[in-house]
Amino acid sequence: MSRPHDLKSLFLIAIAATGSGVLGGCADSAITPEASEIGMPADWVRGGDEGSVDLNWLESFDDPRLTSLVGDAIESNFLQEQERARLYEAEQVVVIVRANRFPELDVSLDAARRPG
């Protein structure tokens, strides 16, 4: 019959061995020095100043499907819709705050019948 403290130490050894195996597997990198030195293909490089981006960069690909997909992605971007709503809300707050600067016009009419 096995004693309880032997099972406990066996269990701890099994956990330690499993943990060190998992950590050892995570430590190995798939990126080799040769892979990190690979440059971009020459036909991917385009002329122009480094760091400058053309505002119509999407049309430079001349791909209507890509343009359509990017347009759909922008239209269905809920975070962008939230920002639009926040911008609209801020604009309306400005309108409300400025409203007290406009002149007021108060007109009242009173009608009464005269006996006669």
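Of everything in segment 53-111 that is in a helix (DSSP H, G or I) and polar (S, T, N, Q), the residue that is surrounded by the fewest Cβ atoms within 10 Å (Cβ to Cβ) is N100.
Within segment 31-60, residues that are closer than 27 Å to I74 by Cβ have Cβ atoms under 9 Å from residues that are assigned to a loop (DSSP other than H, G, I, E, B) and at pLDDT 70 or above in these pairs: G48/D54; S60/D54, counting only partners at least 6 apart in sequence or on another chain.
The values are calculated or read from the model by the stated rules, or taken from the named source; none is laboratory data. Since the model is a prediction, treat every value here as computed from it, not as a measurement. Because the Cβ atoms are built from the backbone with ideal geometry, glycine has one as well, and the counts that use them run over all protein chains shown.
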